[in-house]
Amino acid sequence: MPVPDRRSVLSLLCGSSILPLAGPVWAQGAVRQLPLTAPDGLRPNLVTVAASRFQNRDAVAVALTDPAQAALRTPNAVGNGPSFAMPDLEFANGTIEVDIAAQINGRGPPDVRGFIGIAFHIAPDISTFEAVYLRMTNGSRNVPPPPAPRNAFAVQYISFPDRYWRLLREQHPNRYEQPAPVAIETWHTLRLHIRGSQLQASVDGATVLTVGDLRFPDRAGRIGLWVDDGTTGYFRDLRVTSA
């Protein structure tokens with residue numbers, strides 16, 4: 001019997017509970033700011049969300065549900081699924097900025113990297129989205145720093161379901177992932193500037209990745225506070241500017 005891949009498993013896990021998404025859209029140039037100190041107003045998909053405190057800062061903690069974590073143990077699982085908590089707003093172009101930190105929670109395999117980031121352009125049925133995420137243990141600010149080639153794989157762009165990390169690495173080496181000055185269990189500010197098919201990602205004010213061929217340019221959709229395998233992600237102070 002064939003074994004379904006990660007995307008098929010996750011679709012089965014969340015398909016029965018999907019309802020159309022319709023967040024508010026606001027005027028061009030308007031700024032929305034959410035403190036993210038409580039789970040109120042966040043819609044989880046394949047994740048749990050709880051109020052937390054990490055490194056002396058109030059935040060929300062996001063981690064995979066038990067079924068979503070178990071799905072990663074199936075053969076051919078690749079990660080990069082729709083595992084995020086969504087605030088009640090829509091975004092197409094502009095800037096998304098949030099403070100993030102990641103902790104390895106012991107629920108994944110030994111090679112978990114602390115996967116945390118921002119999903120955007122999420123379709124109403126959650127069947128497609130784009131994301132930029134960090135692999136925190138691959139960042140140059142860890143002590144000691146990671147060895148090569150891991151140190152070149154700290155920030156990643158993907159689009160779900162068909163442009164996941166492994167495929168992009170094999171087909172387009174060094175195009176959709178780059179080094180980044182981050183560390184595990186450390187607060188950083190991740191900022192995405194998106195306009196049409198163009199994306200620029202920065203960490204703590206330094207540009208770490210540019211992408212010129214976004215999969216769903218100009219599409220209005222929800223934003224997601226995204227995590228993956230064996231990671232508890234901490235998020236606070238979300239700032240979203242519409243362009």
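Coordinate-derived values only; no laboratory data. It should be emphasised that the depicted structure is a prediction, and the values quoted were computed from it without experimental measurement. Heads up, the Cβs are rebuilt from the backbone with ideal geometry, glycines too, and the neighbour counts pull from every protein chain shown.
Shape descriptor for the chain: Rg over Rh equals 0.93 (Cα atoms; Rh from the Kirkwood inverse mean 1/r).
How large is the convex hull of the C-alpha atoms of region 39-116 per residue, in Å³?
Roughly 122 Å³ of hull volume per residue.
In order along region 234-243, phi translates into HN-Hα couplings of 10, 10, 8, 6, 7, 10, 10, 10, 8, 10 Hz, rounded to whole numbers, per the Karplus curve 6.51 cos²θ - 1.76 cosθ + 1.60 with θ = phi - 60° and x for Gly and Pro. Gain on full extension, evaluated as 0.36 nm per residue between GLN33 and ASP66 minus their Cα-Cα distance, stands at 8.8 nm.
Compute the separation of the alpha-carbon centres of region 128-142 and region 208-243 and state it in Å as a whole number. When both Cα centres are located, 11 Å separates them.
In terms of surrounding Cβ atoms within a 10 Å radius of their Cβ, TRP165, TRP226 rank from fewest to most as TRP165, TRP226. Measuring nothing but how far apart in sequence close Cα pairs (under 8 Å, 6+ apart) lie, relative to its length, region 144-243 scores a relative contact order of 18 percent. Relative contact order for the chain: 31 percent, from Cα pairs under 8 Å spaced at least 6 residues apart, divided by residue count.
Between ARG166 and ASP213, the FRET efficiency from the beta-carbon distance, with R0 = 25 Å, is close to 0.85.
Hey, could you grab the Kirkwood Rh for region 190-243? Inverse mean 1/r over distinct alpha carbon pairs, Å, one decimal.
13.0
Computed over region 44-182, relative contact order equals 17 percent, with contacts defined as Cα pairs under 8 Å that lie 6+ residues apart.
Working note: Karplus 6.51/-1.76/1.60 with θ = phi - 60° gives region 85-96 the couplings 10, 10, x, 8, 7, 10, 8, 10, 9, x, 10, 10 Hz, where Gly and Pro are set to x.
Please grab the % of Cα pairs in region 20-156 that end up more than 25 Å from each other.
On the way: 3007 of 9316 pairs.
Value for region 20-156 (Cα pairs over 25 Å): 32 percent.
Using just the helices of the chain, give the 222 nm mean residue ellipticity in deg cm²/dmol: DSSP H runs with n ≥ 4 each add -39,500 (n - 2.57), and the total is spread over all residues, rounded to 500. All intermediate terms of the calculation are to be shown ahead of the outcome.
Numbers: 3 runs with 23 residues, N = 243.
The per-residue figure over the chain is -2500 deg cm²/dmol.
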